[in-house]
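Everything on this sheet refers to the single structure shown next.
The values are calculated or read from the model by the stated rules, or taken from the named source; none is laboratory data. Predicted model only: the values in this text are computed from it and were never measured. FYI the Cβ positions are ideal-geometry reconstructions off the backbone, even for glycines, and counts take in every protein chain you see. Note: accessible area is taken over every heavy atom of the protein model, side chains too, but ligands, DNA and RNA are not part of it. Shrake-Rupley method; radii C 1.70, N 1.55, O 1.52, S 1.80 Å.
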Amino acid sequence: MKALNRLPAWLALKQHHKAMRHFDMREAFSADPGRFADLSAHFGPFLLDYSKNRITRETLNLLFDLAHQSQLVERRSAMFDGKPVNFTEGRAALHTALRAPATPPLRVARQDVRPLVHHELGRLRAFVERVHGGQWRGHTGKAIHDVVNIGIGGSDLGPAMVCRALEHLARPSPRVHFVSNLDPAHLADTLDRVDPETTLFIVASKTFTTLETLANARSARAWLVGRLGEAAVAKHFVALSTHRAAVSEFGIDPDNMFVFWDWVGGRYSLWSAIGLSIALALGWEHFRTLLDGAHEMDEHFRDAPFEDNLPVILGMLGVWYANFWGTDTYGIFPYDQRLSLLVPFLQQLDMESNGKNVGHNNRPVLYNTGPIVWGAPGTNGQHAFFELIHQGTRLIPTDFLVGAVNATPLADQHEWLLANCLAQTEALLKGKSQDVIEGELVAAGMSRRDAHALAPHKVFPGNRPSNTLIYQTLDARTLGMLIALYEHKVFVQGVVWQINSFDQWGVELGKQLAPPIRHALDPANPPGQHDGSTLGLIAELRRRRAS
Ligand code: G6Q
């Protein structure tokens, strides 16, 4: 296949961008009353309004041409069909199979994965129901009231985000806690809040070799054994992993282990056994609904024409800005406090997947790939950093997310939330001109001269892009769909950029360098071979810890 920057649609988009350089969305809206209807898409509970972008129908057509020429259709089929799309690790990426029905068969390395998935879901369900029903009891015979999920990265961010987002649907018991950081304070503070007799620890680790998770799990195990004795481990520890031998070696009975498979990437794993904490917090039905929602989005992504396909539209708009307008970042603003952990989750999903500089041809790519993803819930962001989106020197594409219907008894506040969300995207579009501001200042009594000097500081240039994604209310189905929407958006972009969105070699080097530095921090050892800065820092830490 040709390099991306030699594809005809890429070259056409380069030309098209030159013609679009001075495109003004405000004029486009004035000229075309049908712009909103033309540039918005519906699916399930979602309306995606992407009319506030620097695009025309021609832009979209060219972007869809680029998607076709990038073989998105073929690569999408390859992913759904279990082909080794994670080509640097020779693996499939089959998170879609985790939420799909039990038929038709889907073979990976000649094995039908459907029965494996559904068998494990059955085991998980039975376990969850035993905990909820009080049949699974702690070592001293008491029911479980607290669950501590010990995991990091993909084994933490997804479940933690979902549990937070759907907390309003959670059962009164058990309470679910998440411990990820190597900093012992994370575990210690959590242990302070739980009772060993009524606490279940979930050790969530695909590889079961991760330093942070094993360190926290060992400490939690020692804490439990110190209080209830060695025999208690069997009733208070379960493991989620692909690595049976390592689980056993750690001291967790493989009967208390739920498995998943190497074709499930960490950041795509909340749909697998890694979702146990979600099912324990919310109940099995809500977990199943979450999976069903994601499956609905999978079918939409697989079957809908590009023009109506939400992940394709979002993905290609991101390509338009990153590669033709030269934007470096992407802002995501859920006007939904329950989605407060969505941005950290999406940061991993997007940046670990598409933060790559080497393409399918094993050579560095010659264009920008994944953006820096950032954001925070609205309205908080408005009072913190929105200045930069409105008045800064950089162009920043954005997604605004909001639920149409109030999900709390406080209806009036929700009206204001909606109004603020729309006001921000309107302000980004419309801006406010120097003339208008000067007029307002003079009308308020300021001299013309002072008004003229002050007005430039108050100008909003406008013509700044945003997508708005409206959903009905944040329930399990909607959340499942939303997560899958972003998973597939990231996939679309990875295909266009000709990179492997499913590996994460970029986390390896730091892991390799940590053990010798740890060794060097001990003054009894030689400092080892390091750069001047690192040697200086090691010496400083040795000094401080000695005093
Ligand atoms: C995700 C990454 C990474 C991984 C963690 C935890 O895609 O691979 O975030 O999830 O490093 O790994 P384990 O689950 O193996 O402990």
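Among TRP284, TRP263, which is the only one that is more than 13 Å from the ligand (Cβ to nearest atom), among the hydrophobic types (A, V, I, L, M, F, W, C) and open to solvent by 10 Å² or more (accessible area, probe 1.4 Å)?
Answer to the selection: TRP284.
Among the residues of region 104-121, is any over 30 Å from LYS235 (Cβ atoms), of a type in the set (A, V, I, L, M) and modelled with pLDDT under 95?
Looking for residues that are over 30 Å from LYS235 (Cβ atoms), of a type in the set (A, V, I, L, M) and modelled with pLDDT under 95, one finds at least one in region 104-121, hence yes.
Please determine, by comparing only the residues of region 124-166 that are touching a Phe, Trp or Tyr at 6+ places or on another chain (Cβ under 6 Å) and away from the ligand (no atom under 16 Å from the Cβ), which one is farthest from THR207 (Cα to Cα).
ARG130
Which residue out of ARG227, ARG164, ARG218, ARG244 is open to solvent by 40 Å² or more (accessible area, probe 1.4 Å), within 30 Å of LYS511 (Cα to Cα), in contact with a Pro (Cβ under 9 Å, 6 or more places away or on another chain) and of a type in the set (Lys, Arg)?
Going through ARG227, ARG164, ARG218, ARG244 in turn, just one is open to solvent by 40 Å² or more (accessible area, probe 1.4 Å), within 30 Å of LYS511 (Cα to Cα), in contact with a Pro (Cβ under 9 Å, 6 or more places away or on another chain) and of a type in the set (Lys, Arg): ARG244.
What number goes with the only condition from (1) modelled with pLDDT of 95 or more; (2) more than 30 Å from PRO84 (Cα to Cα) that GLN413 does not pass?
Only one criterion in (1) modelled with pLDDT of 95 or more; (2) more than 30 Å from PRO84 (Cα to Cα) is unmet by GLN413, namely (1).
Quick check on LEU482: is it within 29 Å of THR88 (Cβ to Cβ), open to solvent by less than 10 Å² (accessible area, probe 1.4 Å) and touching a residue at least 12 places away in the same chain (Cβ under 8 Å)?
Answer is yes for this residue.
Scan region 180-213 for residues that are under 17 Å from MET257 (Cα atoms) and surrounded by fewer than 17 Cβ atoms within 10 Å (Cβ to Cβ) and jot them down.
Answer for region 180-213, where residues must be under 17 Å from MET257 (Cα atoms) and surrounded by fewer than 17 Cβ atoms within 10 Å (Cβ to Cβ): THR207, THR209.
Which pairs have Cβ atoms under 8 Å, sit 6 or more apart or on different chains, and link a residue in region 447-475 that is free of Cβ contacts under 8 Å to residues at least 12 places away in the same chain to one that is of a type outside the set (Asp, Glu) and open to solvent by less than 50 Å² (accessible area, probe 1.4 Å)?
Filtered contacts from region 447-475: ARG448/VAL442; ASP450/LEU441.
Only one of these is more than 22 Å from PHE502 (Cβ to Cβ), within 16 Å of the ligand (Cβ to nearest atom) and free of Cβ contacts under 8 Å to residues at least 60 places away in the same chain: VAL238, VAL203. Name it.
VAL203
Would you pick out the residues in region 111-164 that are within 24 Å of GLU212 (Cβ to Cβ) and charged (D, E, K, R)?
Those that are within 24 Å of GLU212 (Cβ to Cβ) and charged (D, E, K, R): ASP146, ASP156, ARG164.
Quick check on my filter: what residues within region 436-452 are part of a helix (DSSP H, G or I) and open to solvent by less than 60 Å² (accessible area, probe 1.4 Å)?
Within region 436-452, ILE437, GLU438, GLY439, LEU441, VAL442, ALA451 qualify.
Could you tell me which residue of region 266-279 is farthest from the ligand (Cβ to nearest atom), considering only residues that are in a loop (DSSP other than H, G, I, E, B) and polar (S, T, N, Q)?
Ranking the candidates gives SER272 first.
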